[in-house]
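Engineer: Sharing a structure here in structure tokens format.
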Amino acid sequence: MKRLFTSESVTEGHPDKVCDKVSDSVLDAALAIDPKARVACECATTTDYMLVMGEVSCGGKIDYEKIARDAIKEIGYVDPSIGFDYKTAKIDVRIDKQSADIAQGVNSALDSAENLGAGDQGMMFGYACDDTIDCMPLAISLSHALARRLSEVRKSGQIGYLRPDGKTQVAIEYEGATPKRADTVLVSTQHGAEVDLETIKKDLYAKVIEPVAGKWLDKDTKILVNPTGKFVVGGPHGDSGLTGRKIIVDTYGGYCPHGGGAFSGKDSTKVDRSAAYMARYVCKNIVAAGLAKRVQLQISYAIGVAAPMAIFVDTFGTGVMEDIKLTKAVKNLFDMRPQAIIKQLDLQKPVFARTAAYGHFGGDVYAWEKLDRVAELKKLL
């Protein structure tokens with residue numbers, strides 16, 4: 001049976017991603033000073049303005065305004081005429097220390113110093129499948145690759161009229177559980193006023209769409225480029241931005257449920273982030289070990305309590321063993337207490353700013369993407 005599934009991505013210059021980048025850059029700065037820093041940093045942005053707010057506790061001084069301006073510059077907002085610029089934007093900083101009540105709940109281990117309590121209640125999901133070599137769903141993988149390529153050709157000067165804001169979207173046709181082709185590819189990119197739509201379409205197909213998605217294109221694939229006809233006003237000048245507003249872009253493109261908690265700007269005592277990374281780590285190793293073609297893991301926590309409330313594995317009928325047996329094996333093999341997650345995935349280092357765009361999952365750059373538990377899992381076969 002044929003079906004379509006669609007996922008989207010956005011470039012680093014999208015207003016929400018600008019905020020994610022600054023939030024995670026603040027986190028990295030705090031961790032560089034103090035690996036045990038507690039950070040919950042949110043940003044909001046609009047025309048030539050950014051608010052940096054939240055709670056940060058660390059053993060040193062942080063220059064929040066400089067961090068924000070440097071991040072905005074790195075993204076590519078360097079021209080005041082487009083309504084947002086790293087030099088001229090007003091940066092308003094409203095940072096306080098972490099709530100003593102939250103700190104107490106997290107710091108007070110219930111039975112030993114190793115049992116760091118979860119920084120909040122909630123449920124987190126992980127996912128992996130055999131669509132791609134990265135064990136990511138194909139639609140979100142291609143969407144991210146297109147968005148990343150948009151930024152690459154802009155920054156390299158290959159397409160000089162591009163501006164930082166942009167969005168991509170891909171609909172993949174499946175036959176059963178197997179991806180067969182790209183049904184539709186959509187790319188919307190901010191651009192200078194001097195260029196016409198036909199030039200944009202020609203350049204983007206040749207330098208972005210075909211190089212990234214060519215394998216999946218055929219004569220019936222629908223290609224949409226800037227379907228409104230014009231995208232000159234963009235970035236924070238065209239739309240406001242907020243940290244944490246692209247949670248589906250950040251994860252699996254809608255292929256599995258989401259617990260609702262955003263990632264950027266949060267240190268790893270916040271299980272919204274660390275447990276979601278752990279869940280991905282477990283799922284990717286399960287698929288790579290051949291235990292399932294598709295797997296989803298849910299973990300839930302209570303604030304201040306180290307051990308998860310519940311763990312549930314669902315292989316959607318693709319597993320080599322019953323889900324209840326695999327769930328039991330996962331509980332035995334993986335320690336999902338927050339402190340154990342932080343230690344295993346090395347989450348007290350300043351590595352988070354690079355996660356702020358093009359997804360938190362896929363590839364092999366991050367510790368939670370490593371396939372170092374495959375041998376253990378294969379023993380279950």
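The values are calculated or read from the model by the stated rules, or taken from the named source; none is laboratory data. Since the structure is predicted, the reported quantities are computational estimates derived from the model, not experimental observations. Cβ: placed from backbone, ideal geometry, glycine included. Neighbour counts: every protein chain shown. Quick note on the areas: whole protein, heavy atoms, side chains included, nothing else; ligands and nucleic acids left out. Shrake-Rupley method; radii C 1.70, N 1.55, O 1.52, S 1.80 Å.
Engineer: Output yes when any residue across region 269-277 is out of contact with any Ser or Thr (no Cβ under 8 Å at 6 or more places or on another chain), aliphatic (A, V, I, L, M) and crowded, with 17+ Cβ neighbours inside 10 Å, and no when none is.
Structural biologist: yes
Matching residues to (1) touching a residue at least 24 places away in the same chain (Cβ under 8 Å); (2) open to solvent by less than 40 Å² (accessible area, probe 1.4 Å); (3) under 21 Å from the mean Cα position of the chain (by Cα); (4) closer than 16 Å to Arg163 by Cβ:
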site: Asp48; (1), (2), (3), (4): yes, no, no, yes
site: Ser57; (1), (2), (3), (4): yes, yes, no, no
site: Ala68; (1), (2), (3), (4): yes, yes, yes, no
site: Ile72; (1), (2), (3), (4): yes, yes, yes, yes
site: Gly76; (1), (2), (3), (4): yes, yes, yes, yes
site: Lys90; (1), (2), (3), (4): yes, no, no, no
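Engineer: For region 323-355, name all the residues that are polar (S, T, N, Q) and assigned to a loop (DSSP other than H, G, I, E, B).
Structural biologist: Filtering region 323-355 down to residues polar (S, T, N, Q) leaves 327, 332, 339, 344, 348, 355.
Hit for region 323-355 is Gln348, nothing else.
Engineer: State all residues of region 315-336 that are within 22 Å of the chain's Cα centre (by Cα) and not aliphatic (A, V, I, L, M); if no residue qualifies, say none. Give the steps one after another, and end with the answer.
Structural biologist: Initially, region 315-336 is screened for residues within 22 Å of the chain's Cα centre (by Cα), giving 336.
Result: no residue meets the conditions.
Engineer: What is the residue count in region 202-230 for residues that are at pLDDT 95 or above and open to solvent by less than 80 Å² (accessible area, probe 1.4 Å)?
Structural biologist: 18
Engineer: Moving on to the next point. Return the residue satisfying two criteria in turn: it lies in region 323-339 and is aliphatic (A, V, I, L, M) and touching a helix residue (DSSP H, G or I) at 6+ places or on another chain (Cβ under 7 Å), and of such residues it is most open to solvent (accessible area, probe 1.4 Å).
Structural biologist: The qualifying residue most open to solvent (accessible area, probe 1.4 Å) is Leu333.
Engineer: Give Ile299, Ile303, Ile324 a once-over and let me know the one that is within 24 Å of Ala356 (Cα to Cα) and β-branched (Val, Ile, Thr).
Structural biologist: Ile299
Engineer: Can you tell me which residue within region 174-201, out of those that are touching a strand residue (DSSP E or B) at 6+ places or on another chain (Cβ under 9 Å) and assigned to a helix (DSSP H, G or I), is least open to solvent (accessible area, probe 1.4 Å)?
Structural biologist: That would be Ile200.
Engineer: OK, next. Taking the stated definitions as given, is Val287 surrounded by 15 or more Cβ atoms within 10 Å (Cβ to Cβ) and touching an Asp or Glu at 6+ places or on another chain (Cβ under 7 Å)?
Structural biologist: Spelling it out, Val287 is indeed surrounded by 15 or more Cβ atoms within 10 Å (Cβ to Cβ) and touching an Asp or Glu at 6+ places or on another chain (Cβ under 7 Å).
Engineer: Name the residue that is surrounded by the most Cβ atoms within 10 Å (Cβ to Cβ), counting only residues in region 290-322 that are part of a strand (DSSP E or B) and of a type in the set (D, E, K, R).
Structural biologist: So the residue we want is Arg294.
Engineer: Please state which of the following conditions Ala139 fails to meet, knowing it meets all the rest: (1) open to solvent by less than 70 Å² (accessible area, probe 1.4 Å); (2) under 24 Å from Gly76 (Cα atoms); (3) of a type in the set (Gly, Ala, Ser).
Structural biologist: Going through (1) open to solvent by less than 70 Å² (accessible area, probe 1.4 Å); (2) under 24 Å from Gly76 (Cα atoms); (3) of a type in the set (Gly, Ala, Ser) one by one, Ala139 breaks only (2).
Engineer: Filter region 145-163 down to the residues that are in contact with a Ser or Thr (Cβ under 8 Å, 6 or more places away or on another chain) and open to solvent by less than 10 Å² (accessible area, probe 1.4 Å), then identify the one that is nearest to His360 (Cα to Cα).
Structural biologist: So, considering only residues that are in contact with a Ser or Thr (Cβ under 8 Å, 6 or more places away or on another chain) and open to solvent by less than 10 Å² (accessible area, probe 1.4 Å), the one nearest to His360 (Cα to Cα) is Ala147.
Engineer: If you check Ala103 against the conditions, is it at pLDDT below 95, open to solvent by 50 Å² or more (accessible area, probe 1.4 Å), under 30 Å from Met309 (Cβ atoms) and of a type in the set (A, V, I, L, M)?
Structural biologist: Details: at pLDDT below 95: yes; open to solvent by 50 Å² or more (accessible area, probe 1.4 Å): no; under 30 Å from Met309 (Cβ atoms): yes; of a type in the set (A, V, I, L, M): yes.
The answer is no for Ala103.
Engineer: Any idea which of (1) under 17 Å from Gly254 (Cα atoms); (2) assigned to a loop (DSSP other than H, G, I, E, B) is the one Gly160 doesn't satisfy?
Structural biologist: (1)
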